[in-house]
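Visitor: Here's a structure for you.
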Amino acid sequence: MSKADTLFINMCKKILKDGFSSEGQTVRAKWEDGTPAHTIKTFGVVNRYDLSEEFPALTLRPTPIKLCVDEMLWIWQKKSNNINDLNSKIWNQWADETGSIGKAYGYQMAQKYKFSQGIMDQVDNVLWQLKNTPYSRRIMTNIYNFRDLSEMGLEPCAYSMTFNVTGDKLNGILNQRSQDILAANNWNVVQYSVLLHMMAQVSGLKAGELVHVISDAHIYDRHIPLIEELISRESFPAPKFKLNPDVKNFYDFTVDDIIIEDYRKGPQITGIPIAV
């Protein structure tokens, strides 16, 4: 059994057993038929993944790793807020007729700020610091910009990444205000694990630990039977992960530079309803 599977199963069991139900409360999200989308949630979940030990892709069901990474590169590398630059359709329902999701995600990454070393965006600042001041305690990004929230198709869920170098290892803390556990949990874990590997490689470091902090970790009411079936499945060893070692510039990475081997997994869950 992979350690990522164990973390996921234990988290889901805790939410289902001890979580707080929103039944009886007014909720924003609705199902496609207009029914309120209630959840059962746990506040303040913290999961730790040691990337030097394994790559944390679930084996209970397949995680589409290259699609996950494509979205991460859309935000961090392309710094785009237009779904026409994305190879999946996960953002379609939040985009306008031009494909824009407003001043969200990649838009925020592209904004320039005056740092001590010059004017640059948040991603370039991280890359510069990892190469020039790797032991700084100020290497972070934040895309939850209150000034622009009213012009975002969706307020950022995963909103902040803090990088920290310990010895020759690059660690990171991903802060997330809210997460749909069935639809998005391992998607985000895989994305930011790959990001850490990429940032480490171009900075002459090794990937260390990813700490995932979720303020509101929730399971939607219509997802409960799907989660119960999922966490009862057989688990397999974690897949092997490698990056193309020839890539030395973060902006040169593509999804084709990711190599996944020995990925055994259970069947996919299809037709997951998404609350909006």
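The values are calculated or read from the model by the stated rules, or taken from the named source; none is laboratory data. All of these numbers come straight from a predicted model, not from anything done at the bench. In this analysis, Cβ positions are derived from the backbone assuming ideal geometry, glycine residues included, and neighbour counts consider all displayed protein chains. Surface accessibility is based on the protein's heavy atoms, side chains included, excluding ligands, DNA and RNA. Shrake-Rupley method; radii C 1.70, N 1.55, O 1.52, S 1.80 Å.
Visitor: Can you pull the percent of the range 155-254's accessible area that's carbon plus sulfur, 1.4 Å probe, other chains left in place? Before the final figure, lay out each step's value.
Guide: Details: 1820 of 3560 Å².
The value for the range 155-254 is 51 percent carbon and sulfur by accessible area.
Visitor: Now, a different point. Between Ile119 and Lys30, how many nm apart are label points set 7 Å from Cα along the C-beta direction?
Guide: 4.5
Visitor: Can you show me the helix-derived [θ] at 222 nm for the chain, built from DSSP H runs with n ≥ 4 at -39,500 (n - 2.57) apiece and divided by the number of residues, rounded to the nearest 500. Intermediate values should be presented prior to the final figure.
Guide: Values: 6 runs with 73 residues, N = 276.
Helices in the chain give a 222 nm mean residue ellipticity of -8000 deg cm²/dmol.
Visitor: Distance in nm between label sites at Glu261 and Arg233, each 7 Å beyond Cα in the beta-carbon direction?
Guide: 2.4
Visitor: Hey, can you find the accessible area per residue of the chain for me, probe 1.4 Å, expressed in square angstrom? Intermediate values should be presented prior to the final figure.
Guide: Numbers: 13170 Å² over 276 residues.
Accessible area per residue: 48 Å².
Visitor: In debye, nearest 20: dipole of the range 147-217 around its Cα centre with unit charges on the Cβ of K, R (+) and D, E (-)?
Guide: Details: 4 positive and 7 negative charges, 53 e Å.
Taking the Cα centre of the range 147-217 as origin, the dipole is about 260 debye.
Visitor: I've got another one for you. Ordered by residue, what ³J(HN,Hα) values in Hz, to whole numbers, does the range 8-25 give under the Karplus form 6.51 cos²θ - 1.76 cosθ + 1.60, where θ = phi - 60° and Gly and Pro are x?
Guide: Listing the rounded values in order: 5, 4, 5, 4, 5, 4, 5, 4, 5, 7, 10, x, 9, 8, 8, 3, x, 9 Hz.
Visitor: Out of Gly19, Gly208, Gly118, any idea which swings most in a Gaussian network model of the chain, alpha carbons joined below 10 Å?
Guide: Gly118
Visitor: Whole-Hz Karplus ³J(HN,Hα) for the range 39-44, in order, using 6.51 cos²θ - 1.76 cosθ + 1.60 and θ = phi - 60°, x for Gly and Pro?
Guide: 9, 10, 9, 10, 8, x
Visitor: Looking at the range 1-120, what % of the alpha carbon pairs are farther apart than 22 Å? It would help to have the intermediate numbers written out before the result.
Guide: Working: 4378 of 7140 pairs.
Across the range 1-120, Cα pairs with separations above 22 Å total 61 percent.
Visitor: Once phi is turned into ³J(HN,Hα) by the Karplus curve 6.51 cos²θ - 1.76 cosθ + 1.60 with θ = phi - 60°, what whole-Hz value does each residue of the range 185-192 show in order, with x for glycine and proline?
Guide: My calculation for the range 185-192 gives 4, 6, 4, 5, 4, 5, 3, 7 Hz in order.
Visitor: Once a ≥ b ≥ c are taken as the square roots of the eigenvalues of the Cα gyration tensor of the range 87-192, is the result rounded (a/c under 1.5), prolate (a/b larger than b/c) or oblate (a/b not larger than b/c)? Can you show the working numbers first?
Guide: On the way: a/c = 2.41, a/b = 1.43, b/c = 1.68.
Oblate.
Visitor: How large is the charge dipole for the range 88-168, taken about the Cα centre, if only the Cβ atoms of Lys, Arg (+1) and Asp, Glu (-1) carry charge, to the nearest 20 debye? Spell out each step's value before the answer.
Guide: Numbers: 8 positive and 8 negative charges, 72 e Å.
Here the size comes out at about 340 debye.
Visitor: Using modelled amide H (1.01 Å from N, peptide plane; none on Pro or chain starts), what sits under 5 Å from the amide H of Glu209, excluding residues fewer than 5 places away?
Guide: Close amide H contacts, sequence-distant or interchain: Leu51, Asn171, Gly172.
Visitor: If the cut-off is 23 Å between C-alpha atoms, which lysines fall inside it for Lys242, apart from same-chain ones fewer than 8 positions away?
Guide: Lys3, Lys66, Lys78, Lys131, Lys169, Lys206, Lys265
Visitor: Next question, about the same structure. Remind me, relative contact order of the chain in percent, using alpha carbon pairs under 8 angstrom and six or more residues apart?
Guide: Details: 513 pairs, mean separation 74.9, N = 276.
Relative contact order for the chain comes out at 27 percent.
Visitor: Could you tell me how far the Cα centroid of the range 159-204 sits from the Cα centroid of the range 97-144, in Å?
Guide: So the two Cα centres are separated by 15 Å.
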